[in-house]
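None of the figures in this text is laboratory data; all of them are computed from the coordinates on show. It should be emphasised that the depicted structure is a prediction, and the values quoted were computed from it without experimental measurement. With ideal geometry, Cβ positions are generated from the backbone for all residues, glycine too; neighbour counts draw on all protein chains shown.
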Amino acid sequence: MLEVTGLKKVYQAPGRSVEALRDLTFRVDAAELVCVVGPSGCGKTTLLRCVAGLLPATAGTVRVSGEPVKGPPPSMAVVFQEYGRSLFPWMTVWQNVELPLQEKKVPREERRRRVAESLEAVGLAEAASAHPWQLSGGMQQRVAIARAAAYEPKVLLMDEPFAAVDAQTRADLEDLILRLWRDLEVTTLFVTHDIDEAVYLGQRVIVLSSSPTVVMEDLKIDLPPQRDQLTTRSLPRFAELRGHVYAQIQRARGVREAGPAEQEAR
Ligand SMILES: Nc1ncnc2c1ncn2[C@@H]1O[C@H](COP(=O)(O)OP(=O)(O)OP(=O)(O)O)[C@@H](O)[C@H]1O
């Protein structure tokens with residue numbers, strides 16, 4: 001569904017250039033949920049922006065269903081970290097969710113159904129007439145998720161969507177994403193700096209190196225498919241996998257410490 005091949009991104013600034021991504025190749029199959037983690041500043045956001053068609057790549061290609069991405073593809077939705085800036089404050093929750101459907105020329109009745117269903121799915125049916133600034137941060141991010149779900153994308157991209165919410169809200173939103181992903185069977189690429197979150201959510205975790213950035217590892221998460229905050233996170237295998245990813249990121253940062261968890265996970 002999503003193929004990234006030889007992706008390279010060099011930012012050109014006056015008098016200097018910054019190589020954010022050197023050479024990334026990976027794929028995400030249809031209906032898969034893949035997380036991307038890596039050391040701070042390794043180019044996770046740059047990768048997501050290139051995949052979303054918001055930023056031109058210096059070299060390499062991104063393909064969705066075999067079609068090269070040259071600008072934002074109509075089949076993709078993106079949820080960003082800054083929910084405060086991604087929702088229009090002068091519009092109600094309902095209008096925010098409906099807007100992309102209007103732009104996509106979805107007929108009115110169909111729009112109504114999709115907006116109502118997605119607000120229901122994220123537990124915000126009662127807040128449809130509120131404005132974003134009347135809601136908590138977690139609720140605003142639910143609106144952004146409802147907007148993406150109502151759009152029914154083929155590919156859903158998420159850039160550290162829960163970085164700015166508290167731990168309890170974050171756990172609830174993670175489970176919401178897992179539920180929506182299963183119900184909608186949407187191909188999902190989820191960028192996070194949180195190793196536990198990546199292991200909890202992902203069917204695979206792609207570990208990026210630090211600059212010059214390449215794929216360090218493409219790790220299958222062989223945990224039971226039905227995830228649960230308490231049970232899954234208490235599994236010995238969860239601890240092994242998170243330990244392994246942690247050690248990989250430490251190695252990427254140039255810190256050497258491969259503990260027993262890393263050795264067991266391989
Ligand atoms: N517009 C830009 N112009 C020049 N350099 C940039 C630009 N945007 C990002 N960079 C640089 O590219 C590199 C990768 O940045 P990016 O934000 O993609 O990393 P990240 O992994 O998402 O970071 P973090 O973990 O801090 O969220 C960094 O060195 C950053 O300074």
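List the aspartates and glutamates whose alpha-carbon lies under 15 Å from that of Lys9, not counting same-chain residues fewer than 8 positions away?
List returned: Glu19, Asp23.
Could you state the principal axis extents of the C-alpha atoms in the chain, from the largest down, to the nearest angstrom?
Answer, in whole Å and largest first: 55, 48, 33 Å.
Between helix 108-121 and the chain, what is the angle of the helix's C-alpha long axis to the longest principal axis, kept within 0 to 90° and rounded to the nearest 10?
Helix 108-121 sits at roughly 50 degrees to that axis.
Relative to the longest principal Cα axis of the chain, at what angle does helix 93-103 sit, 0 to 90 degrees, rounded to 10?
It is inclined by approximately 80 degrees.
So for the pair Phe88, Asp218, with labels modelled 7 Å out along Cα→Cβ, what separation do we get in nm?
For Phe88 paired with Asp218, the spin-label model returns 4.0 nm.
A 24 angstrom limit on the alpha carbon distance is what I want to check against. Which of Lys70/Lys105; Lys70/Lys104; Lys44/Lys104 exceed it?
Lys44/Lys104
Can you list the HN-Hα couplings for the range 42-55, worked out from phi with the Karplus curve (6.51, -1.76, 1.60; θ = phi - 60°), rounded to whole Hz and with x for Gly and Pro?
Couplings: 7, x, 5, 5, 4, 4, 4, 5, 5, 5, 6, x, 8, 9 Hz.
Would you work out which of Leu157, Thr187, Ser209 lies farthest towards the positive end of the dipole of the range 147-266? Charges go on Cβ: Lys and Arg +1, Asp and Glu -1.
Most positive-ward Cα: Ser209.
Please check: in the Gaussian network model of the chain (C-alpha springs, under 10 Å), which one of Pro153, Pro68, Pro39 has the largest mean-square fluctuation.
Ranking Pro153, Pro68, Pro39 by mean-square fluctuation puts Pro68 first.
Calculate the spin-label point distance for Asp183 paired with Arg63, positioning each point 7 Å from the Cα along the beta-carbon direction, and give it in nanometres.
Placing both labels 7 Å beyond Cα along the Cβ direction yields 3.3 nm.
If amide hydrogens are placed 1.01 Å from N in the peptide plane, which non-local residues have theirs closer than 5 Å to the one on Ile206?
Hits under the 5 Å cutoff: Cys35, Val36, Val37, Leu219.
Return an integer: the convex hull volume of the alpha-carbon atoms of the range 95-138, in Å³ per residue.
75
Treating only the Cβ of Lys, Arg, Asp and Glu as charged (+1, +1, -1, -1), what charge dipole size does the chain show about its Cα centre? Round to the nearest 20 debye.
760
What residue among Leu235, Leu180, Leu99 has the largest mean-square fluctuation in a Gaussian network model of the chain, using Cα springs under 10 Å?
Looking only at Leu235, Leu180, Leu99, the biggest GNM fluctuation is shown by Leu235.
Angle check, please: helix 137-150 long axis (alpha carbons) against the longest principal axis of the chain (alpha carbons), in degrees 0 to 90, nearest 10.
Roughly 80 degrees between the two axes.
Based on the Cβ-Cβ distance from Glu126 to Asp175, what FRET efficiency comes out when R0 is 22 Å, to the nearest 0.05?
FRET efficiency, Glu126 to Asp175: 0.65.
Relative contact order of the chain: what whole-number percent is it, with Cα pairs under 8 angstrom and at least 6 residues apart?
24
Okay, helix-only estimate at 222 nm for the chain: each DSSP H run of n ≥ 4 adds -39500 (n - 2.57), divide by all residues, round to 500 deg cm²/dmol; what do you get? Mind dumping the intermediate values first?
Values: 10 runs with 105 residues, N = 266.
It lands at -12000 deg cm²/dmol.
Treating only the Cβ of Lys, Arg, Asp and Glu as charged (+1, +1, -1, -1), what charge dipole size does the range 89-152 show about its Cα centre? Round to the nearest 20 debye.
160
Compute the separation of the alpha-carbon centres of the range 102-121 and the range 1-34 and state it in Å as a whole number.
33
Simple spin-label model, 7 Å along Cα-to-Cβ: Ser40 to Ala13 in nm?
Placing both labels 7 Å along Cα→Cβ, they lie 1.7 nm apart.
Any idea what log10 I(q)/I(0) is at q = 0.13, 0.19 Å⁻¹ for the range 127-266, Debye with uniform C-alpha scatterers and no solvent?
Once normalised to I(0) and log-transformed, intensities are -0.64, -1.19.
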